[in-house]
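Below is one structure, written out as structure tokens, with a few remarks after it.
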Amino acid sequence: MKTIYLADSINFIYKLTFRRVLNAAKILLSYYMSKALKRPVHWGMPLSMSIEPTTACNLRCPECPSGLRSFTRDTGSLQQDQYLNTLDQVASHLMYLILYFQGEPYIHPRFLDLVSEAHNRGVYTITSTNAHFLDEKNAEKTVRSGLDRLIISIDGSTQSSYESYRREGDLQKVISGAEKVVKWKRKLQSRTPHVVFQFLVVKPNEAEIPEVYKLAREIGVDEVKLKTAQLYDYKHGHPLMPTDSRYARYRQAPDGTYEVKGKLEDHCWKMWHSCVVTWDGKVVPCCFDKDAHHILGDLQEESFRQIWRSNNYDQFRGLILKGRKNIEICQNCTEGCTVWA
């Protein structure tokens, strides 16, 4: 059973407006019509959007393009004028904005200003961080920015297990950063951000799950989420694959190889209610298109509404309805596979 966090839920509900709720109803109705008709029908603007502050990262995680420095797309950082232009086009409809895609968002020199701009427009904001930049100044600014949800990747209760995935990372910096944010929340008597420890379950750390819950309680972190790891070369097993199948995205087939657990059904809610914008304004379908292979539009050339309503976008939605197995970014998709604490 999923735990309901009352303060966070009230904060989210407080930011709902009639326009946002009506927009959500339009999208939901068009999604179910599309599933029934097997052709794309789409009304409304996105409920959620991920905008990438930067592709830069200080760590070298082995299953991440940022960590591996393996992008074929351009790398860089979001320009504020482009961000504000996009935000002004979508803010009145958005239920939440994720200021994260690839990279470490706090590396962006004005990251918390980006958060404040969305907060000032009444948008519920989320980010995910490795917490290495949460010094005293940034911890205070994070609380003051109005950020609603701060996801901290912890991935271990000991340095050895933590660095088995978060390579070149320092667990003590993560713990210290979390402590500073919690301290400033209390000092400023702020209910936000809702602080989440996200624990990516891999073989080296799976035995430490109880310790992470204990650590979260000691610090005052609001929530712990367990997350399964996306592995790129999983067919014949992988050293990071957990031994406990509950925490793996993959299962062993009768022939001894591994396959994705989730059934690849020919529909996808994400394609109706959300999208991802890269640092340089490219609109891509979802967070599984890490290298932006499926560019559906460019915000430096068109408005967001033009892209969202374009034939290009509808054609991609149509491909989803015809056969997700033929789209490479769908083949390792986590729909229905994430393990929640």
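Give L87, L68, L94, L78 a once-over and let me know the one that is out of contact with any Ser or Thr (no Cβ under 7 Å at 6 or more places or on another chain) and either open to solvent by less than 30 Å² (accessible area, probe 1.4 Å) or at pLDDT 95 or above (or both).
Only one candidate passes the filter, namely L87.
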(message) Checking M33 against (1) exposed (fewer than 13 other Cβ atoms within 10 Å of the Cβ); (2) without any contact (Cβ under 8 Å) to a residue 24 or more places away in the chain; (3) farther than 24 Å from F101 by Cα, only one condition comes out false. Which one?
(response) (1)
(message) Six or more apart or on different chains, Cβ atoms under 8 Å: show the pairs whose first residue is in the stretch 240-264 and of a type in the set (K, R) and at pLDDT below 85 and whose second is open to solvent by 70 Å² or more (accessible area, probe 1.4 Å) and assigned to a loop (DSSP other than H, G, I, E, B).
(response) K261/G336; K263/G336
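Matching residues to (1) aliphatic (A, V, I, L, M); (2) free of Cβ contacts under 8 Å to residues at least 40 places away in the same chain:
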{"site": "L87", "(1), (2)": "yes, yes"}
{"site": "L94", "(1), (2)": "yes, no"}
{"site": "I107", "(1), (2)": "yes, no"}
{"site": "H119", "(1), (2)": "no, yes"}
{"site": "S145", "(1), (2)": "no, yes"}
(request) Could you grab the pairs with beta carbons closer than 9 Å, sequence gap of 6+ or different chains, first residue in the stretch 286-313 and closer than 30 Å to Y232 by Cβ and modelled with pLDDT under 95, second one of a type in the set (F, W, Y) and in a helix (DSSP H, G or I)? (result) H294/F316
(request) For Q102, indicate whether it is touching a Cys at 6+ places or on another chain (Cβ under 9 Å) and touching a residue at least 40 places away in the same chain (Cβ under 8 Å). (result) yes
(request) Report, by residue number, each residue of the stretch 126-154 that is open to solvent by less than 10 Å² (accessible area, probe 1.4 Å), among the hydrophobic types (A, V, I, L, M, F, W, C), over 21 Å from R60 (Cβ atoms) and not in a helix (DSSP H, G or I). (result) L147, L150
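Within the stretch 1-23, take every residue that is in contact (Cβ under 8 Å) with a residue 24 or more places away in the chain and in a loop (DSSP other than H, G, I, E, B) and give me the one that is least open to solvent (accessible area, probe 1.4 Å).
Keep residues of the stretch 1-23 that are in contact (Cβ under 8 Å) with a residue 24 or more places away in the chain, which gives 2-3, 5, 7-8, 11-12, 15-17, 19-20, 23.
Right, trim to in a loop (DSSP other than H, G, I, E, B) and you get 2-3, 5, 15-17.
Values: K2: 138, T3: 74, Y5: 63, K15: 28, L16: 57, T17: 59 Å².
Once the filter is applied, the top-ranked residue is K15.
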(request) Could you please give the count of residues in the stretch 254-311 that are of a type in the set (A, V, I, L, M, F, W, C) and in contact with a Leu (Cβ under 7 Å, 6 or more places away or on another chain)? (result) 5
(request) Quick one: count up the residues across the stretch 312-325 that are open to solvent by 10 Å² or more (accessible area, probe 1.4 Å) and within 14 Å of V284 (Cα to Cα). (result) 4
(request) For the stretch 36-46, name all the residues that are open to solvent by less than 20 Å² (accessible area, probe 1.4 Å) and either in contact (Cβ under 8 Å) with a residue 60 or more places away in the chain or assigned to a helix (DSSP H, G or I) (or both). (result) M45, P46
(request) Working only within the stretch 155-206, note down all residues that are touching a residue at least 40 places away in the same chain (Cβ under 8 Å), among the hydrophobic types (A, V, I, L, M, F, W, C) and surrounded by 17 or more Cβ atoms within 10 Å (Cβ to Cβ). (result) V174, I175, A178, V181, W184, V195, V196, F197, F199, L200, V201, V202
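The values are calculated or read from the model by the stated rules, or taken from the named source; none is laboratory data. Just so you know, these numbers come straight off a predicted model, no measurement behind them. With ideal geometry, Cβ positions are generated from the backbone for all residues, glycine too; neighbour counts draw on all protein chains shown. Surface accessibility is based on the protein's heavy atoms, side chains included, excluding ligands, DNA and RNA. Shrake-Rupley method; radii C 1.70, N 1.55, O 1.52, S 1.80 Å.
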